[in-house]
Amino acid sequence: GYVCERKDLLVNGCCNVNVPSTKLHSCESCLPNGCCSVYEHCVSCCLQPSKQHLLERFLNRAAIAFQNLFMAVEDRFELCLAKCRTSSQSVQHENTYRDPIAKYCYGEYPPELLPV
């Protein structure tokens with residue numbers, strides 16, 4: 001759930017938590033609907049303990065519809081990685097983002113459709 005600058009990454013790929021600019025559960029580029037303009041902020045914000053119930057509800061609904069995709073998810077981190085990747089819920093007309101800025105979403109509802 002940490003977000004840091006590339007120069008502050010340790011050799012194991014994790015953030016150096018002793019650097020003041022490293023942030024835990026950063027929602028810096030995220031909107032109230034759970035969509036973010038930065039993928040890393042989406043994952044970090046999704047990992048907040050307060051989002052646990054939202055993820056559980058999603059998993060219960062997705063168990064049937066997306067069985068193959070989410071059966072491989074082993075923990076909350078992997079679930080947030082999968083949720084924040086762009087998906088069909090992030091696009092309209094198969095080739096245009098619903099929100100071209102905040103396109104990485106962990107929330108329950110996709111962004112509003114843009115007028116055509």
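Structure data summary
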{"item": "Within region 18-47, tally of residues that are in contact with a Leu (Cβ under 8 Å, 6 or more places away or on another chain) and in a strand (DSSP E or B)", "result": "0"}
{"item": "Residue list for region 13-48, restricted to those being small (Gly, Ala, Ser) and in contact (Cβ under 8 Å) with a residue 12 or more places away in the chain", "result": "Ser21, Ser26, Ser29, Gly34, Ser37, Ser44"}
{"item": "So Leu10, is it touching a residue at least 24 places away in the same chain (Cβ under 8 Å) and hydrophobic (A, V, I, L, M, F, W, C)", "result": "no"}
{"item": "Odd one out for Pro20, checked against (1) modelled with pLDDT of 95 or more; (2) under 23 Å from Ala102 (Cα atoms); (3) open to solvent by 90 Å² or more (accessible area, probe 1.4 Å)", "result": "(2)"}
{"item": "So Ser50, is it in contact with a His (Cβ under 6 Å, 6 or more places away or on another chain) and either part of a helix (DSSP H, G or I) or open to solvent by 50 Å² or more (accessible area, probe 1.4 Å) (or both)", "result": "no"}
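The values are calculated or read from the model by the stated rules, or taken from the named source; none is laboratory data. Model, not experiment: these values are computed from the prediction. Virtual Cβ from ideal backbone geometry, glycine too; neighbours counted across all protein chains shown. Areas reflect the complete protein model, heavy atoms only, side chains present, ligands, DNA and RNA absent. Shrake-Rupley method; radii C 1.70, N 1.55, O 1.52, S 1.80 Å.
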